[in-house]
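Worksheet: the structure to be examined is printed underneath.
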Amino acid sequence: MDKGTALRDEYRARFAGMDEYRLGVWRIICGEYLSRWITADAAVLDLGCGWGEFSNSVTAARRYAMDLNPDAEARLPAGTRFLHQDCSQPWALADGELDVVFTSNFLEHLPDKTGIERTLAEAWRCLKPGGRLICLGPNIKHVPGEYWDFWDHHIPLTEASLAEVMMLRGFHIEQRIERFLPYSMSTGRTPPLAFVRWYLRLPFAWRFFGKQFLVVGRKP
């Protein structure tokens, strides 16, 4: 089975029936929090876009999305340029074409650290000066056992290790949050969307429920 087919089957098994809820959550996350780093006139790449929840929720002038999952393109909003490729290989984008590269729960799925480093190098190349790389992901400090419940998790990451490799690649770290979002929306836990909005507005709650990091790096 090729990688794209495997990803398609994993997504269908893992997220079936949760499409509308996940989209509702991402609309809140983008509107309530991530919009501070993403302007309406930005060119934004959704790296490891999956089923396109972020792409369908973000306000941006130009949208790009990258994934190996063959189901992804059909779920993206109209006008999105889909890059069906391995992210650790040269991106089909020009130098300085992007304002923002966003990725969520993706880097840990790459097969090795070299793949992460190559991906960050491409993000750096394709971002404009002043452009940002925004990364969300499970923090191994706070999900040491649950982390390995997903067969396709390979690289354990923390906010510190990711920030370090981003700095080594030239990024200036603007934001580094050890505990941000709860761990997963793929196991049937669906708190009311009003709770999601409340949660994002009360950072003190993150220390109790947050198991994902948020790291934001800017290209000088």
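Structure above, values below:
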item	result
Charge dipole (debye, nearest 20) of region 166-217; +1 at Cβ of Lys and Arg, -1 at Cβ of Asp and Glu	100
Exposure rule at most 15 other beta-carbon atoms within 10 Å, DSSP loop chymotrypsin sites (Phe, Trp or Tyr not before Pro): the chain longest free segment	34-150
Carbon plus sulfur fraction of accessible area for the chain, probe 1.4 Å, in percent	53
Cα-based equivalent ellipsoid of the chain: semi-axis lengths in Å, sorted from largest, via gyration tensor	23, 20, 19
Simple spin-label estimate for A61 and E73 in nanometres, 7 Å along Cα-Cβ	2.6
13 Å Cα-Cα reach of K141 towards aspartates and glutamates, excluding residues that sit fewer than 8 places from it in its own chain	E159, E178
Accessible area expressed per residue, region 74-173, with surrounding protein chains retained (probe 1.4 Å, Å²)	45
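The values are calculated or read from the model by the stated rules, or taken from the named source; none is laboratory data. In this text, all values refer to a predicted model and were calculated from it rather than measured experimentally. Cβ: placed from backbone, ideal geometry, glycine included. Neighbour counts: every protein chain shown. For the accessible areas, the whole protein counts, side chains as well, though only heavy atoms, and no ligand, DNA or RNA atoms are used. Shrake-Rupley method; radii C 1.70, N 1.55, O 1.52, S 1.80 Å.
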